[in-house]
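Single-structure report; data block below.
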Amino acid sequence: MGVIGAIVDNSSRIGKEERLAMKMALEDFYYKFNQSLVLEVRNSQGQPIQAALEAMDLINTQQVQAILGPQTWEETSLVAEVGSKSDIPIFSFANTIPKWAAERWPFLLQASTNEFNQMKAVAAIVESWEWQRVTVIYEDRDSSATSVLPHLSNALREVGAEISQLVALAPFASSSLSKELARLKEGQYRVFVVHLSLSLAEKLFEMAKRMKMIERDYVWITTDPITSLVHAMNATTISNMQGILGVKSYFPETGGHFKEFHRRFRKRFRSEHPEENNHEPDIFAAQAYDAAWTVALAMRESNKVPPLLLEKVFHSDFHGLSGKVEFIDNKLVSLNIFQIVNVMGKSYRELGFWSYGHGFSEHINENAAYNSSMKVLGQVFWPGGPWYTPRGWTLPTSTNPLKIGVPAAANFKEYVKVEYDQSESNISYTGFAIDVFKATLEELPFYLPYNFLPFNGTYNALVEQIQLKIFDAVVGDVTIVAGRYQYAEFTHPYTESGIVMVVPVISKTSNRAWLFMKPFTMAMWILTGVINFYNGFVIWLLERNNCPELKGSVLNQMGMLIWLAFNTLLSTNGARLHSNLSRMTMVVWLFVALVIMQTYTANLTSMLTVQHLGPTVTDIETLKSSNAIIGHCSGSFLSRYLVEVLHFNPNNIKTFSSTEAYAHALKNGEMAAAFLDVPLANLFLAKYCTGFTKAGPTYKVGGFGFAFPRGSPLLSSITEALLKVSESGQLRELENNMITSAKCEDVEPDKETPSLSPNSFLVLFILSGGTSTIALFVYILRVDKSILRHKIMWRVMRTIMGHWGSQKRRFSRRVSDVAENASNSPNTFELRNQV
């Protein structure tokens, strides 16, 4: 007759269910195969040492072929060590067994599903409600710290959340339990994942209810074995757990086999354990039944030989009460479906299911609709009774305001200025960064109490205070750089980002050979030359018949034309001109020329007298090659950046603590260039507006931002409010006010005198050109009229001469009179003179 040993904790609900379920399995096995197997059950009393002693007794005294049931890893490890000496297969009901255990104890099997997939279900719940930080409460003696917690941490990280705190509770916590809960209550985060034994969980929720932590804004999520035993809890425990969400392993409660088992189990459990209020079987009973059935089948087929028995178990493949029974790598295949419950009233409500690889659904069947969010399961009853979803964190209160660190020794007081009164009891905080932060808080939908606290030290050390939990946030001219993310996270930058080089300036106007051309644009010069030549041509044409100098060869006339075009600009002697048209053209052109010449003189004078400035250094390579001294703000990250990124010699880098020190060092040559954040450079140049300028490219880094703890629930709200301040224009207004308040300590330099274009003299050019054109047109009309009269006269004379030749005697006197009259005519005299 085969003997199977079992070790359970008779004092626990789980042990009671497992004991009865294993008995029923062997009874059913006998009825089906007519083969009797003996079950020897021992009580571990929840103690690992006791479990090991009972295992030795079962092996040495009862000659068992297999042992079922150590419930915890601590019990399992000791029992496996005992069983390994006799190669007795150990079927553990512990939820987690390390991977290395199978190598050390080949006869050890995990007969319960592990909890790794359950951790993904918990993470899916956290993701559904957009919680960012989770506090995990676990039992200190349990193996969860080394097995389950890493899986939970990874699962949370995959959904953008993380574990903010791990709280280990002693198995028999009493005073320490209240201290831990008090510490959690003082904290900011309100989402708790509870992974405890049932007995310790009952104490935890009793204390939490007493400390008013099962109320609004708190979230409690329980795992197995707590959730699977909710139905067995008494009324007091249920009342302490109102609003709690739970994740429990799901097994199908359908089919004739399970219904028969369910009926018989309820009847016998009520009879054997009348002290229990609920008699329903759960996943622990189903897994114990399947484990006993698996061992019985293997013993039947292996003739009770341990190696063969183990081999037969590995080849098990059937559907039991808890689901599919199959072993892979010495472990029962994991469950992929979990049930989500919500404790309310006198019991709990089944909200729905979560399936690995699918998500949440209200039902488990072929037509189930899955969703990645738990919100599809309907309304959740939260602790304290609100139907709205808790934020998962609490706001600071007036008694516990936000502690905000502020740099006390900021180089640019316009950004952050910390002032002490004479008694140093009152401290005032002003500046652009402070104003932006206050404006941001006004955009928040809730009140956020805070206190500013000064900090003397480097900016890296200031941000590190957040990680050390000295400060809850940092406000000031703190640059967002990657190295500081190990200590904190930052809001969206509220200033322009980048680093620039500020250098002194030198004059650029000396030794410019073509400076005399600068007063006018090229188009102006060309148009002036064209108008000159055109006006000279008109005057030459009008005066050539009256001036012998304007006649001669073609080459001589071209030279005279060019000379006349430009000589008229410098001569005001109009007596030599014989034509009134020439005088009119000359007067207008001299007026225009006078205006242009005076304007040219004034513009050239301005260019020669105004100082035009340029940077002394244009790139960093010049600084590095000349070993020039450079500077930056004291306490800034730039010291590392200049050496590691821009590759400057660290011996050539100096730090300065004020804008005045910067200006003095740049002016007297103590340093060649200063490297500043773009917003600080803009402020510096607004204050010193003549002697310095930006040079070279802008090196991209983050701008200024507010720092908060990593994963802070306030971060997203602050960032959103900061964006509202920026989009409303208020941020730009605050920045303009700061720049305006920085009065220039030097005289504002004149702007560069622009070159004048034809647009500035368009009316004058039209007047001059138009006058010359009109004079030319009048002259052409006069010439045409004279030529026409001359032609008419000669035609008349030819006619007269013809008549005179044919009738010489008859008309001689008459023709003579006509010719005489024609000769005395004024028009004829004028035409003759012109010819």
Under the Karplus relation 6.51 cos²θ - 1.76 cosθ + 1.60, θ = phi - 60°, what is the ordered set of whole-Hz ³J(HN,Hα) values for the stretch 579-596, x standing for Gly and Pro? 9, 5, 5, 5, 4, 4, 4, 5, 4, 5, 5, 5, 5, 5, 4, 4, 5, 5
Let a ≥ b ≥ c be the square roots of the eigenvalues of the Cα gyration tensor of the stretch 203-250; is it rounded (a/c under 1.5), or, if not, prolate (a/b larger than b/c) or oblate? oblate
In whole percents, the bins of 10 Å from zero upward hold the Cα-Cα pairs of the stretch 163-220 as 21, 63, 15
Are there any chymotrypsin sites (Phe, Trp or Tyr not before Pro) in the stretch 145-248 that are in a DSSP loop and have at most 11 other Cβ atoms within 10 Å? List them by number. PHE172
Given the C-alpha atoms of the stretch 610-722, compute the convex hull and give its volume per residue in Å³. 145
Can you pull out the chymotrypsin sites (Phe, Trp or Tyr not before Pro) in the stretch 433-528 that DSSP calls coil and that have at most 12 other Cβ atoms within 10 Å? PHE446, TYR447, TRP514
Wrap a convex hull around the Cα atoms of the stretch 67-154, take a quarter of its surface area, and give that in square nanometres. 5.9
Taking a point 7 angstrom from the Cα of SER271 along the C-beta vector, which residues in the stretch 4-31 have backbone N less than 18 Å away? 16-31
Would you tally the net charge around VAL341, using a Cβ to Cβ cut-off of less than 10 Å, leaving VAL341 out, and scoring K and R as +1, D and E as -1? +1
So for the stretch 14-164, using the alpha carbon gyration tensor with a ≥ b ≥ c as root eigenvalues (a/c under 1.5 gives rounded; past that, a/b versus b/c decides prolate or oblate), I'd call it prolate
Collect residues whose amide H, placed 1.01 Å from N in the peptide plane, falls under 5 Å from the amide H of ILE629; neighbours closer than 5 in sequence don't count. ALA672
Given the pairs LYS120/LYS312; LYS99/LYS324; LYS179/LYS331, which span a C-alpha to C-alpha distance of over 27 angstrom in this model? LYS120/LYS312; LYS179/LYS331
Taking a ≥ b ≥ c as the square roots of the eigenvalues of the Cα gyration tensor of the stretch 415-492, is the shape rounded (a/c under 1.5), prolate (a/b larger than b/c) or oblate? oblate
Net charge near LEU680 (other residues with Cβ under 13 Å of its Cβ; Lys, Arg +1; Asp, Glu -1) is -2
Ignoring ligands, DNA and RNA, what percent of the accessible area of the stretch 166-270 is carbon or sulfur (1.4 Å)? 53
On alpha-carbon atoms, Rg over Rh for the stretch 37-84 using Kirkwood Rh? 0.92
Full-stretch length increase - ASN737, TYR600 - with 0.36 nm per residue and alpha-carbon distance subtracted: 45.3 nm
Can you pull the one-decimal nm distance between simple spin-label points at GLU158 and ALA409, each 7 Å off the Cα toward Cβ? 4.9
Sequence order, the stretch 80-90: Karplus ³J(HN,Hα) from phi using 6.51 cos²θ - 1.76 cosθ + 1.60, θ = phi - 60°, Hz rounded, Gly and Pro as x, gives 5, 5, 5, x, 5, 5, 10, 6, 8, x, 10
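The values are calculated or read from the model by the stated rules, or taken from the named source; none is laboratory data. As the structure is a computational prediction, the values presented were derived from the model and not from experiment. Neighbour counts run over all protein chains shown; Cβ positions are idealised from the backbone, glycine included. Please note that ligands, DNA and RNA were not included when accessible areas were found on the heavy atoms of the full protein model with its side chains. Shrake-Rupley method; radii C 1.70, N 1.55, O 1.52, S 1.80 Å.
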